[in-house]
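Participant: Here it is, the structure in full.
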Amino acid sequence: MNAKGGYWGKIAWINLTSKKVSYVEIDEEFEKTWIGGAGLGTKLLWDHYPAWADPLGPRNLLIFATGPYQAAPIAGAGRCTAVFISPLTMHYAESIAGGHIGPILKQAGVDAVVLAGKASKPVYVYVEEGKAEIRDASAYWGMDAVEVVDAIKKDVGGRRLTITAIGQAGENLVRYAAIVNDKHGVFGRCGGGAVMGSKNVKALVANGTMTPPLADRDGLLKYYREDLLPRINKAEFTKINAELGQVAAVVPREENGLLPIKNFGGDEWEEGAKLIGTPRFNEVLKPKRWACEYCVMGCHRKITTEGYPQETGGPEYETAAMIGSNLLIDDLKAVVVANDLCNRYGIDTIELGGVLGWAFESYEKGYLTKEDTDGIELKWGSGEALIEMTKKIAFRDGIGDLLAEGLRSCVWKYPETKEWAVEAQGMAVPAHDPRAFFSMVIADTLSLRGPSHCHGFSEAQELGVTLPELGYPEPMDRFAIEKKGEIGAVYQDVHEFWNSLVWCFFYFFSNWPFGDTVKVMNLITGWDMSPVEAKLSGERMSNLQQALNLRCGLDPKRDFVVPERLRKPHKKGGAGGKVLPWEYIIEEYYKTREWKDGIPTRKKLIELGLADAAKEIYGY
């Protein structure tokens, strides 16, 4: 292996069709250009995914990629990025998971695993000591993502074993099926579970027995332990997540207008937010921290209250918002049970909340009847309906077969319902209403992987966590108009750099500024990259992702528009009366990017070293 600081220089390439395993070497130039994680995956998809391929066909790739951070025992490194073409949006997709897969996959001796082709029968992939093999998984097919972890651990063993698996939703090709890591880390967005199921792969299993190389181990650990870690531990954000978990955000986000309420059509939900948020969440459920690898926050929750069947990670903010407030469900037990089912079956709770928001509203307005819904009354606030529909979607039973296809398929069947299908690019908008933080219209509409708060969290700038290293030292008024498209583009690039390290950006709110993320990378790798150069690497990734999207048929004029529901202002509440100037912000975003109507200019692509993308788009 071509081992160096932060990398083994090795990708395991699994051809499931031919049952062959090969190894691809990557050199330092490739690593500096694409970093790892999202960047590495973007480049591999660009090089190997043809325009005509079916995302649920054998030509799609499912790439599990680490970055340099997974080589180091530091907070925020317990992450991994999955990259593929989405069966939901039909273009570029990435999904980030916590848990343990990232560091342990790196300790298993590879930087990434690529799943190509399709197995003739159920299999799982096992990685250890720098080698990968394909193993029979017929005995595990049909199990949920909890059962399969227990079964494989019993059969395989291994002191440092991590198991990333699909449940029944992935097997049944639900287009927003998730991949679940060790019962509490989830590759949730974009439908990676369906891609994995289409390849007949039940799980990726890694046993970490090796010590990854670090360029300056002593310097890194000294800086981390003596400077960075004390700052992190003092941060209020660290304390809140450690003591209360992510659901602590529900009540304050209802107050400022960010929380989705009644399919993004409601204004206020004060009492409901208190019923599913903290402190009641913790008083009733008595959760314990369930930390990702090396994490000092432990924001994942393990519920301990008797009578709550929760063997997986408890609801986090996005889940409590999308299947709670978005459906007006204030029954905490129903939210907990549905979340556990989603983790077991492997269903993205954000997409589920978006699809069910459309279904509940369509039922209310008479476009869906009890006959259509198999006798289930889709009434706002019904926890029973939430739980039953989750089961139906996972197994494509009755109306669940339609809902499993996603929001655009629902609207194609019922075109009169488009007004309340809150999606962009075919994917549900997450629980960050841009009418409350104007810059988030970029992440909610123009995220290059489909709507995502983890692909350009510019809300940070409006909350006062800034980027002085890149010339943005001052917070922005959340309702100001100017520079919102610009900062949206900047944060997109910054976030792609983070998703390539791979790093948990929660620590950005815990006294770990952008410059320090670059400094830590340099200590790991031995490089001397500046923050400006790091941001430029993210810009390169963003532009290649858009070129790939265009190859796959994305139409910016059709897909990069704000859903109709979000164009209307709230009547009251924390964002009451604020009209989202989305067209102005998107135009400013294009100007900042040097894109024409959503298409990167040839000049910009050449500047970023993407001559092959320029040739594909412009012919020369």
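Participant: Quickly run through the stretch 582-615 and pick out the residues that are over 20 Å from Lys557 (Cβ atoms) and surrounded by fewer than 18 Cβ atoms within 10 Å (Cβ to Cβ).
Facilitator: Passing the criteria: Lys603, Ile606, Glu607, Gly609, Ala611, Asp612, Lys615.
Participant: Among the candidates Leu16, Leu56, Leu44, Leu62, single out the residue that is closer than 25 Å to Cys552 by Cβ, touching a residue at least 60 places away in the same chain (Cβ under 8 Å) and crowded, with 24+ Cβ neighbours inside 10 Å.
Facilitator: One residue alone meets the criteria, Leu62.
Participant: Kindly provide the set of residues from the stretch 211-238 that are closer than 30 Å to Gly157 by Cα and either among the hydroxyl-bearing types (Ser, Thr, Tyr) or assigned by TED's automatic domain parsing to the domain that holds Asp528 (or both), ordered by number.
Facilitator: Thr211 - this is the single residue of the stretch 211-238 that is closer than 30 Å to Gly157 by Cα and either among the hydroxyl-bearing types (Ser, Thr, Tyr) or assigned by TED's automatic domain parsing to the domain that holds Asp528 (or both).
Participant: Given the options Gly78, Gly109, name the one that is at pLDDT 95 or above and touching a Cys at 6+ places or on another chain (Cβ under 9 Å).
Facilitator: Gly78
Participant: Something else about it: Can Ile96 be described as farther than 30 Å from Arg558 by Cβ and in contact with a strand residue (DSSP E or B) (Cβ under 8 Å, 6 or more places away or on another chain)?
Facilitator: No: the conditions fail for Ile96.
Participant: Could you name every one of the strands (runs of 3 or more DSSP E) located completely within the stretch 149-192 that has at least 1 residues being assigned by TED's automatic domain parsing to the domain that holds Ile96 and surrounded by fewer than 24 Cβ atoms within 10 Å (Cβ to Cβ)?
Facilitator: Those strands (runs of 3 or more DSSP E) span 161-165.
Participant: If you go through the stretch 371-382 one residue at a time, do you hit one that is in contact (Cβ under 8 Å) with a residue 24 or more places away in the chain and on the phi > 0 side of the Ramachandran plot?
Facilitator: Yes, the conditions are met somewhere in the stretch 371-382.
Participant: Pick from the stretch 409-431 the residues that are farther than 22 Å from Ser447 by Cβ and in contact with a Ser or Thr (Cβ under 7 Å, 6 or more places away or on another chain): which of them is surrounded by the fewest Cβ atoms within 10 Å (Cβ to Cβ)?
Facilitator: Within the stretch 409-431, the match that is surrounded by the fewest Cβ atoms within 10 Å (Cβ to Cβ) is Tyr414.
Participant: Shifting gears a bit: Return the pair list, or none, for Cβ contacts closer than 8 Å from residues in the stretch 386-402 that are free of Cβ contacts under 8 Å to residues at least 24 places away in the same chain to residues that are among the β-branched types (Val, Ile, Thr) and surrounded by 24 or more Cβ atoms within 10 Å (Cβ to Cβ), at least 6 apart or on different chains.
Facilitator: Hits for this filter: Gly400/Ile393.
Participant: While we're on this one: Which residues, taken from the stretch 542-567, are among the hydrophobic types (A, V, I, L, M, F, W, C) and over 26 Å from Gly41 (Cα atoms)?
Facilitator: Within the stretch 542-567, Val561, Val562, Leu566 meet the criteria.
Participant: Within the stretch 317-326, identify whether any single residue is in a loop (DSSP other than H, G, I, E, B), assigned by TED's automatic domain parsing to the domain that holds Ser382 and at pLDDT 95 or above, and answer yes or no.
Facilitator: yes
Participant: Looking at the stretch 335-346, is at least one residue in contact (Cβ under 8 Å) with a residue 60 or more places away in the chain, outside any helix (DSSP H, G or I), under 22 Å from the mean Cα position of the chain (by Cα) and crowded, with 20+ Cβ neighbours inside 10 Å?
Facilitator: Checked against the condition, which is being in contact (Cβ under 8 Å) with a residue 60 or more places away in the chain, outside any helix (DSSP H, G or I), under 22 Å from the mean Cα position of the chain (by Cα) and crowded, with 20+ Cβ neighbours inside 10 Å, the stretch 335-346 yields at least one hit.
The values are calculated or read from the model by the stated rules, or taken from the named source; none is laboratory data. Note that the structure is predicted; figures quoted are calculated from it, not measured. So basically every Cβ, Gly included, is an ideal-geometry build from the backbone, and we count neighbours across all protein chains shown.
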